[in-house]
Amino acid sequence: MTSNALSSRSLRNHPGAAAVALAAMTALLAGCSSSSDTSDPLAGDKAAGDTVVVGSNNFAESILIADIYGEALKAKGIKVSYKPNIGSRETTYGLLKNGSITVLPEYNGSLLAYLDAKAEQTSLATVNAAVKAKLDSKLTLLESSPAEDKDSVTVNAATASKYNLTASSTLADLKDVAPKLVLGGSPEFQTRQQGLLGLDSVYGLKFKSFKALDAGGPLTQAALKKDTVQAADIFTTDPTITKEKFVVLQDPKNLFGFANVTPVVYKSGLSQEGVDALNAVSAKLDTKTLLDLDSQVQLQSKDPLDVAKAWLKTAGLG
């Protein structure tokens, strides 16, 4: 599978991400989370002395993961400062290259698509090897977590109950059921290999019909909740999954590619102890956990820094 089949989003900026980012920014300016750093996030000054600068892009999940990384480093006695809400990959990659940021949460497949639009994405190992080969020589990719934020086929609670679908069910389990279901997603989802075409060619799924909505945003969420569609393209760490008891179907053949949460670091700015600390985070962070943490922040309005600290303590990393 080539990255040309990947979603075109530059980060994971599906509809609603801007609103989430605005809410996160408002919270940050109010003094929560890593926002005690009130300096300009776009400033290009390198970190002073031995301080590790942890950056984040401008959506809630990136801010949360950055707080997890930063607090995991602090737990090892490493000095940390934050540059939250920076913006697009074009900006953050430049700040990484010049050493203004030491650590940034990334999504491996999306980063590879940015670095090399023609790169093959056939396995986690090949994706990460390709990213490392394409990264600026001053940067490196650490260990990927099992946690992924990517497209999925998700069914609503009623459909899951009716057809005995659970969190361990796969897309293959939908083969006999699909002809009874309306599938919802963005207009582009209907014509993409990482969409309706691939669901047919890879898993043999033929749906009753397709309803054009938005890219995993409020229209799709509402249609799935109201049963206007019974299955839809929803991002795997969307808190709506928790709120509405939606069921995400597993994708063992990786039709939807790779989007593992992975730290990218400025090599000379992070000690081996820091590398080990971030790799330990990746070893513990899976999609179910990230969905739960996202839900605490976005549904329960908890401070992402508090959520990060609590999870690290529970995971034995804080």
### Summary
Going through the range 109-157 in order, the residues found to be polar (S, T, N, Q), in contact (Cβ under 8 Å) with a residue 12 or more places away in the chain, more than 25 Å from Val247 (Cβ to Cβ) and out of contact with any strand residue (DSSP E or B) (no Cβ under 9 Å at 6 or more places or on another chain) are Thr122, Ser123
### Message
Looking at Gly55, Gly77, Gly49 in this structure, which one is over 23 Å from Asn260 (Cβ atoms), at pLDDT 95 or above and either touching a strand residue (DSSP E or B) at 6+ places or on another chain (Cβ under 8 Å) or of a type outside the set (Asp, Glu) (or both)?
### Response
Gly77
#### Entry: Residue selected from the range 117-165 under the condition hydroxyl-bearing (Ser, Thr, Tyr) and surrounded by fewer than 15 Cβ atoms within 10 Å (Cβ to Cβ), by the criterion farthest from Ala215 (Cα to Cα)
Ser137
### Message
Given the criteria farther than 21 Å from Leu249 by Cβ, touching a residue at least 12 places away in the same chain (Cβ under 8 Å) and either assigned by TED's automatic domain parsing to the domain that holds Thr220 or touching a helix residue (DSSP H, G or I) at 6+ places or on another chain (Cβ under 6 Å) (or both), does Thr102 qualify?
### Response
yes
### Query
Taking the range 307-318 as the region of interest, how many residues are over 19 Å from the mean Cα position of the chain (by Cα), assigned to a helix (DSSP H, G or I) and touching a residue at least 40 places away in the same chain (Cβ under 8 Å)?
1
### Summary
Of the candidates Tyr114, Tyr93, Tyr163, Tyr82, the one satisfying the condition of being of a type in the set (Phe, Trp, Tyr) and outside the structural domain of Asn57 (by TED's automatic domain parsing) is Tyr163
### Message
If I go through the range 263-286 residue by residue, how many of them are farther than 17 Å from Asn108 by Cβ and either β-branched (Val, Ile, Thr) or outside any helix (DSSP H, G or I) (or both)?
### Response
3
### Query
Filter the range 271-307 for residues that are over 17 Å from Glu71 (Cβ atoms) and of a type in the set (S, T, N, Q); which is surrounded by the most Cβ atoms within 10 Å (Cβ to Cβ)?
Gln298
### Query
Do you know which residues across the range 246-270 are under 14 Å from Leu141 (Cα atoms) and of a type outside the set (Val, Ile, Thr)?
Ala259, Asn260, Pro263, Tyr266, Lys267, Ser268, Gly269, Leu270
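So that you can scan it fast, the table gives a plain yes or no per residue for (1) touching a residue at least 12 places away in the same chain (Cβ under 8 Å); (2) among the aromatic types (Phe, Trp, Tyr); (3) over 19 Å from Ala215 (Cα atoms):
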position	(1), (2), (3)
Pro239	yes, no, no
Thr242	yes, no, no
Lys267	yes, no, yes
Asn279	yes, no, yes
Ala283	yes, no, yes
Gln296	no, no, yes
Gln300	no, no, yes
### Query
Residues in the range 257-287 that are at pLDDT 95 or above, of a type outside the set (A, V, I, L, M) and closer than 17 Å to Thr237 by Cα: how many?
7
#### Entry: Set Gln193, Gln221: member being under 21 Å from the mean Cα position of the chain (by Cα) and either under 24 Å from Lys288 (Cα atoms) or of a type in the set (Gly, Ala, Ser) (or both)
Gln221
### Task
May I ask you to list the residues in the range 177-202 that are of a type in the set (Val, Ile, Thr) and not in a strand (DSSP E or B)?
Val177, Thr191, Val202
### Query
Can you spot a residue in the range 208-224 that is in contact with a Phe, Trp or Tyr (Cβ under 6 Å, 6 or more places away or on another chain), in a loop (DSSP other than H, G, I, E, B) and at pLDDT below 95?
yes
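The values are calculated or read from the model by the stated rules, or taken from the named source; none is laboratory data. Because the structure is predicted, anything quoted here is derived from the model rather than measured. Note that we place each Cβ from the backbone using ideal geometry, even for glycine, and neighbour counts take in every protein chain shown.
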